[in-house]
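See below for the structure under consideration.
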Amino acid sequence: MSVLEVKEEIAKMEAEKKAFRFDLVRICWYMRGSISWEQAWELSFEDKKIISEFLKDNMERFKGSMTPIV
């Protein structure tokens with residue numbers, strides 16, 4: 001692997017890490033305190049994926065409604 005390829009791989013991994021952490025923040029925020037930051041880190045990959053998909057579906061569902069989502 002060349003130095004450029006290594007740098008590209010590191011940049012890709014950093015972007016994935018940022019997206020992963022953002023998903024954890026989103027889970028904690030929308031769960032309204034029912035799950036802590038530490039608990040979110042302990043979720044399995046599959047659980048995080050299911051919760052994230054559920055939250056995205058609900059955000060889309062309520063996007064057009066006038067129901068306030070805090």
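Nothing charged except the Cβ atoms of Lys and Arg (+1) and of Asp and Glu (-1): what's the magnitude of the dipole of the chain about its Cα centre? Round to the nearest 20 debye.
In debye, rounded to 20, the chain gives about 360.
Using the Karplus equation 6.51 cos²θ - 1.76 cosθ + 1.60 (θ = phi - 60°), what ³J(HN,Hα) coupling, rounded to whole Hz, does each residue of the stretch 50-57 give in order, writing x for Gly and Pro?
Once rounded to whole Hz, the list reads 5, 5, 4, 5, 4, 5, 5, 4.
Can you give me the accessible area per residue for the chain, using a 1.4 Å probe, in Å²?
Here the per-residue accessible area is 84 Å².
Give me the Kirkwood hydrodynamic radius of the chain in Å, from all C-alpha pairs, to one decimal place?
Hydrodynamic radius (Kirkwood, Cα pairs) of the chain is 14.0 Å.
Could you count how many Lys pairs in the chain have their Cα atoms under 26 Å apart, skipping same-chain pairs fewer than 8 positions apart?
Lysine pairs meeting the criterion: 15.
Could you look at the chain and say what percent of its accessible area is carbon and sulfur, using a 1.4 Å probe and all protein chains?
Within the chain, the accessible surface is 63 percent carbon and sulfur.
The values are calculated or read from the model by the stated rules, or taken from the named source; none is laboratory data. Because the structure is a prediction, the values reported are computed rather than measured. Please note: Cβ atoms are built from the backbone with ideal geometry, for glycine as well, and neighbour counts cover all protein chains shown. What goes into the accessible areas is simple: the full protein's heavy atoms, side chains included, and nothing from ligands, DNA or RNA. Shrake-Rupley method; radii C 1.70, N 1.55, O 1.52, S 1.80 Å.
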